[in-house]
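Chemist: Questions regarding the structure given below will be posed in turn.
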Amino acid sequence: MSTDVRVRFAPSPTGYLHLGGLRVALYNYAFAKQNNGKFILRIEDTDQARLVEGAVENLISSLEVMGITYDEGPNKDAEYGPYFQSQRLDIYRKYINELIAKGHAYYCFCTKETLDEMRTKAQKEKKFFKYDRRCHKLSQEEIQAKLDAGESYVVRLKMPDERIFTFNDLVRGEVSIDVKQIDDQVILKSDGFPTYHLAAVVDDHLMKISHVFRGEEWLSSTPKHIFLYECFGWTPPQWVHLPLILNKDKSKLSKRKNDVAVETYLEKGYQKDALINFIALLGWHPSEDRELFSMDEIIKEFSIDRVNKAGAVFDLTKLEWMSGMYFRSSDLADVADYARPQFEKAGIDISDNDKYLRVIDKAREYISTIDQVMEHAEMYYRLGELSEKDAEMLNNEESQKVLAYMAEAYNTDHILSPDELNAITKGSIGEIGIKGKKFYFPLRLALIGKGHGPDMPAIYSILGKEEFVNRLKRAIK
RNA sequence: GACCCCUUCGUCUAGUGGACUAGGACUCCAGAUUUUCAUUCUGGCAACAGGGGUUCGAUUCCCCUAGGGGUCGCCA
């Protein structure tokens, strides 16, 4: 394709970045990078009533931590700005006037109450509701009189009477929608703000957007957008309607039924590359039998052809597995950094960095989220209280015999290698005649305060010879 | 309700007329490794929504039915 790829992610700042938004942003980003195009962030803040304070900042920072960076947008002004729709009102007004002048749009003075009545009536009669265009019949003089009187108004797009809109969607193929199903959409609200339909079309054109990636929920309003492009004499972009992300019950992913904020998953401690990887695979998959993809690989492999048509249920189980995989395979130093705040919060001194890395390297084997790390790490720094049952176990005669013997056996004049340590352990089992659980359980209780955990050489190497032996000694009554 | 879209294991998916006894991944189960836990490895359970066509041959193409979802706002 010879045209430059320019795509945009256009959230409305009504809350936090959610999983669905993240995926749309990711696909946009991957597609842009892959084609040496530009990825634009545009804030669709045309609904004054739903604005949430801090939402824009949150959106931007969420994208940033997920590694999705935009080329143009808030704080990155380029020639197509501003990137906040609320700062583009004059532009929209100009194009709306043009539509009115051309007869493609008209003033409507119907109140919300009137409209509600009409809607209820239609519903009772089980009829498809469509605005009856009563205001379209107003004469120029009547309109002017109402305008002069300061009556509240909106502007509606006048859709054609007869027409089947057929358009090509890059994931769905050819889609046809009868104009009979489409209302005369309000394009300018009574508060002077445009609606999405008008603003998005104008901006996408002015910002030279080549491909519009958006959720499937927009499919049925696409004819309105296509019609707007025609009214202005513009060429529409390529349409890419993405399948929805679904709740377990297959309804559109919602806050009510799931945690949907990207931030929440980060707070819960999922590995962020795993989250990206997981989200990427919800509705897209290359032909190969592969599951693990880095951002670079996603950029390289992504293709619209391979986006699915059907919605995808968001299932945490696989994300958990994937997150664990990433913790185990990513750089130890990164995982260590990620876990560090927890140790600080718990007041654990991790200034011995070599030890800290050994601890994390072992603990990462057990976790799927970073906040589980403490559960598998704290014991190398401090022992908690034993349960009554464990204490009893530790203090019984056999256990004490094991501890007394092993504290001496392990207390060599040099640091033991894993093989040497195993040899001592095995040899001792024969010497004292206590084996299996009765042997290992008390040892582990003394060493890490729990009956289950890593093997002896691992504990020894993390704790170091001195602490290892000391812990055994301390457990002796 | 009208319209639009969708439909392969429980979930994410591979599959574009024969290579399919339908492949992979997660989950689950069993086994191996391990003193235990976790990791790792091996194996197993499990799906083409149904019915008609087209074709020598349909998971793949067409039609119908069913089911699911989306839209129907001065929200995006």
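Chemist: Out of (1) closer than 16 Å to residue A:177 by Cα; (2) modelled with pLDDT under 95, what's the single condition that is false for residue A:139?
Modeler: Checking residue A:139 against (1) closer than 16 Å to residue A:177 by Cα; (2) modelled with pLDDT under 95, the one that fails is (1).
Chemist: Output the residue which, of all residues in the stretch A:1-51 that are acidic (Asp, Glu) and modelled with pLDDT of 95 or more, is most open to solvent (accessible area, probe 1.4 Å).
Modeler: Taking the candidates together, the pick is A:47.
Chemist: So, one more: Could you check how many residues of the stretch A:351-362 are touching a residue at least 12 places away in the same chain (Cβ under 8 Å) and not in a helix (DSSP H, G or I)?
Modeler: Final tally of qualifying residues: 0.
Chemist: Surrounded by 13 or more Cβ atoms within 10 Å (Cβ to Cβ) and free of Cβ contacts under 8 Å to residues at least 40 places away in the same chain, is that true of residue A:348?
Modeler: yes
Chemist: Restricted to the stretch A:83-103, and to residues that are more than 25 Å from residue A:150 (Cβ to Cβ) and open to solvent by 40 Å² or more (accessible area, probe 1.4 Å), which residue is nearest to the chain's Cα centre (by Cα)?
Modeler: Among them, the one singled out is A:84.
Chemist: Go through the stretch A:301-350 and give me each residue that's β-branched (Val, Ile, Thr), within 6 Å of RNA strand B (Cβ to nearest atom) and more than 30 Å from residue A:170 (Cβ to Cβ).
Modeler: Of everything in the stretch A:301-350, just one residue is β-branched (Val, Ile, Thr), within 6 Å of RNA strand B (Cβ to nearest atom) and more than 30 Å from residue A:170 (Cβ to Cβ), namely A:317.
Chemist: Scan the stretch A:380-394 and give yes if some residue there is at pLDDT 95 or above and open to solvent by 20 Å² or more (accessible area, probe 1.4 Å), otherwise no.
Modeler: Looking for residues that are at pLDDT 95 or above and open to solvent by 20 Å² or more (accessible area, probe 1.4 Å), one finds at least one in the stretch A:380-394, hence yes.
Chemist: Determine the pairs where a residue that is closer than 19 Å to residue A:261 by Cα, located within the stretch A:35-59, has a partner that is open to solvent by 10 Å² or more (accessible area, probe 1.4 Å) and β-branched (Val, Ile, Thr) with Cβ atoms under 6 Å apart, the partner being 6 or more residues away or on another chain.
Modeler: Partner pairs satisfying both residue conditions: A:43/A:56; A:50/A:14; A:52/A:14.
Chemist: When both residues are 6+ apart or on different chains and their Cβ atoms are under 7 Å apart, which pairs have a first residue that lies in the stretch A:378-399 and is part of a loop (DSSP other than H, G, I, E, B), and a second that is aliphatic (A, V, I, L, M)?
Modeler: What qualifies is A:381/A:348; A:386/A:394; A:386/A:445.
Chemist: Taking the condition of being within 26 Å of residue A:122 (Cβ to Cβ), more than 8 Å from RNA strand B (Cβ to nearest atom) and in a loop (DSSP other than H, G, I, E, B), how many residues in the stretch A:177-202 meet it?
Modeler: The qualifying residues number 2.
Chemist: Let me ask something else. Being in a loop (DSSP other than H, G, I, E, B), among the charged types (D, E, K, R) and without any contact (Cβ under 8 Å) to a residue 60 or more places away in the chain narrows it down to one of A:174, A:162, A:142, A:113, so name that one.
Modeler: Residue meeting the stated conditions: A:162.
Chemist: I'm trying to understand the selection: among the residues of the stretch A:410-423, which are in a helix (DSSP H, G or I), surrounded by fewer than 17 Cβ atoms within 10 Å (Cβ to Cβ) and not small (Gly, Ala, Ser)?
Modeler: Of everything in the stretch A:410-423, those that are in a helix (DSSP H, G or I), surrounded by fewer than 17 Cβ atoms within 10 Å (Cβ to Cβ) and not small (Gly, Ala, Ser) turn out to be A:418, A:419, A:420, A:422.
Chemist: Any residue in the stretch A:121-132 that's without any contact (Cβ under 8 Å) to a residue 24 or more places away in the chain: show its pairings with residues that are of a type outside the set (Asp, Glu) and in a loop (DSSP other than H, G, I, E, B) at Cβ separation under 6 Å, as long as the two are six or more apart or on different chains.
Modeler: So the pair list comes out as A:122/A:129.
Chemist: Right, next: I need the full set of residues from the stretch A:442-477 which are surrounded by fewer than 22 Cβ atoms within 10 Å (Cβ to Cβ), farther than 17 Å from residue A:362 by Cα and of a type in the set (A, V, I, L, M), in order please.
Modeler: Hits for the stretch A:442-477 are A:469, A:476.
Chemist: Same structure, new question: Hey, among A:185, A:181, which residue is open to solvent by 30 Å² or more (accessible area, probe 1.4 Å), of a type outside the set (Gly, Ala, Ser) and in contact with a strand residue (DSSP E or B) (Cβ under 8 Å, 6 or more places away or on another chain)?
Modeler: Answer to the check: A:185.
The values are calculated or read from the model by the stated rules, or taken from the named source; none is laboratory data. Everything numeric in this text was worked out from a predicted model, so none of it was measured. Virtual Cβ from ideal backbone geometry, glycine too; neighbours counted across all protein chains shown. These area figures cover heavy atoms from the full protein model, side chains too; ligands, DNA and RNA do not enter into them. Shrake-Rupley method; radii C 1.70, N 1.55, O 1.52, S 1.80 Å.
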